[in-house]
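The values are calculated or read from the model by the stated rules, or taken from the named source; none is laboratory data. Small disclaimer: the values here were computed from a predicted structure and weren't measured. Here the Cβ positions follow ideal geometry from the backbone for every residue, glycine too, while neighbour counts run over all protein chains shown. Only protein heavy atoms, including side chains, enter the accessible area calculation; ligands, DNA and RNA are left aside. Shrake-Rupley method; radii C 1.70, N 1.55, O 1.52, S 1.80 Å.
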Amino acid sequence: MQKENKKNILKVEDLVVAFSMYGKGFRKGKLEVIHSLSIDVNEGEIVAVVGSSGSGKSLLAHAVLNLLPKNARTSGTITYKGEPLDEKACRKHLGHEISFIPQSVDYLDPLMKVDKQVIGVYGTKEKQKEMFCRYQLPEETGSKYPFQLSGGMARRVLISAAVMENPELIIADELTPGLNVEMAMETLKHFRELADQGTAVLMITHDIDLAFHVADRIAVFYAGTILEVAPTADFIAGKDALRHPYSKAFIDALPQNEFTPLPGTQPYAGNLPEGCLFADRCPNRTEECSGEIPKQIVRGGEVRCIHAT
């Protein structure tokens with residue numbers, strides 16, 4: 001469970017993602033949607049990225065794996081086991097050492113039967129049967145096409161494909177949608193087992209309650225960047241153990257805390273405030289918040305807030 005003395009598998013530093021697009025008057029401009037984002041995942045560790053819908057969490061996964069559209073421009077560094085994770089490296093490792101579970105089941109090839117997609121290049125029929133059994137997929141599922149599956153079955157097929165080769169890194173974008181509670185918990189249990197065997201897992205989710213069960217650390221995503229990364233134990237302990245005002249508000253908004261609302265809305269990527277992106281909604285805002293907000297270590301967690309204690 002400890003980050004120390006663990007081999008780093010994925011490291012993202014100062015990632016910026018912008019899209020070239022046309023605005024008013026057919027003027028071509030740049031819309032920056034990911035801002036100075038840094039995160040890392042070590043062997044044997046599950047890091048959950050949580051945040052509200054529309055904050056850009058899925059773009060992080062696509063940027064890491066070089067799956068962004070052609071009008072995207074990126075800067076910063078992304079490394080896999082200390083080596084640059086560029087387009088060539090992604091082609092080499094994706095589907096073998098690196099697995100991706102996308103948010104949409106439309107990633108399944110509609111013209112290919114399920115068993116061929118799950119087995120892929122490196123898998124075996126025996127392992128496919130094992131995973132189908134674990135994820136309660138009938139044996140005949142393999143002979144079907146994706147359109148013949150329910151949403152929950154398609155999700156379980158994607159998960160089965162991702163774990164066929166015991167990958168060293170799994171990037172899961174919304175792992176459990178479409179699964180009932182029992183299957184969701186079984187899936188999380190399996191991923192905890194994989195992590196305990198050395199796999200690094202970056203789990204992107206809007207459901208922080210599920211992350212509590214398996215994650216070692218939780219990263220709080222807001223308006224295209226990460227505001228805080230802290231041990232899961234701090235989130236379970238409650239908002240007083242956290243460092244960033246948004247993390248505290250996020251905890252307050254959970255069902256068990258009566259959905260306490262946070263005034264205001266998340267800023268639009270094309271109209272971001274200067275300095276802290278959360279400043280317009282923050283109860284602790286001061287003039288200094290409009291300046292540079294460096295990442296700092298506070299009580300064993302990483303946070304971007306000059307008032308963090």
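Each residue of region 116-122 was assigned a 3J(HN,Hα) from its phi angle through the Karplus curve 6.51 cos²θ - 1.76 cosθ + 1.60 (θ = phi - 60°); the sequence is 5, 6, 6, 5, x, 8, 10 Hz, with glycine and proline shown as x. Note on surface exposure: Y145, Y107, Y80, Y22 rank Y22, Y107, Y145, Y80 by accessible area, highest first, 1.4 Å probe. Relative contact order for the chain using alpha-carbon pairs under 8 Å, separation at least 6, rounded to a whole percent? For the chain, the relative contact order is 20 percent.
Largest accessible area first, the listed residues I297, I251 line up as I297, I251 when surface is computed with a 1.4 Å probe on the assembled protein chains.
For region 59-160, the extents of the C-alpha atoms along the principal axes are 45, 26, 20 Å, listed from largest to smallest.
With only Cα atoms counted, region 200-241 has Rg and Dmax values of 10.1, 29 Å.
The charge dipole of the chain, taken about its Cα centre with unit charges on the Cβ atoms of Lys, Arg (+1), Asp and Glu (-1) only, comes to about 800 debye.
Applying the Karplus relation 6.51 cos²θ - 1.76 cosθ + 1.60 with θ = phi - 60° to region 294-309 yields 3J(HN,Hα) values of x, 6, 9, 9, 10, 6, x, x, 9, 8, 10, 6, 6, 9, 5, 9 Hz, where x marks Gly and Pro.
Scanning residues 5 or more positions from G198 or on other chains, those with amide H under 5 Å from its amide H are G44, with H placed 1.01 Å from N in the peptide plane. Charged side chains reduced to their Cβ positions (Lys and Arg at +1, Asp and Glu at -1) give region 193-309 a dipole of some 220 debye around its Cα centre. Ligands, DNA and RNA excluded, the heavy atoms of M21 present near 80 Å² of accessible surface to a 1.4 Å solvent probe. Here the 3J(HN,Hα) profile of region 50-56, calculated from phi with Karplus coefficients 6.51, -1.76 and 1.60 at θ = phi - 60°, is 10, x, 6, 4, x, 7, x Hz, Gly and Pro shown as x.
Among residues other than V181 with Cβ under 15 Å from its Cβ, the summed charge is -1 (Lys and Arg +1, Asp and Glu -1).
Counting only protein heavy atoms and a probe of 1.4 Å, the accessible surface of the chain is 51% carbon and sulfur. Of all the options I101, I236, I204, the one that moves most in a Gaussian network model of the chain with Cα springs shorter than 10 angstrom is I236.
Each of I159, H213, Y135 was placed along the dipole of the chain (beta-carbon charges, centred on the mean Cα), and the one lying farthest toward the positive end is I159. Among S99, S53, S20, the order of accessible area from largest down is S53, S20, S99, computed with a 1.4 Å probe on protein heavy atoms.
Counting only heavy atoms of the protein chains and using a 1.4 Å probe, K127 has close to 40 Å² of accessible surface.
Per residue, the convex hull around the alpha carbon atoms of the chain comes to 148 Å³. Beyond 27 Å between alpha-carbons counts as too far, so tell me which of K88/K129; K30/K295; K7/K129; K57/K81; K28/K57; K70/K92 fall in that bin. The pairs that break the limit, which is 27 Å between Cα atoms, are K88/K129; K7/K129. Of the whole protein surface, T232 contributes about 10 Å² of accessible area at a 1.4 Å probe radius.
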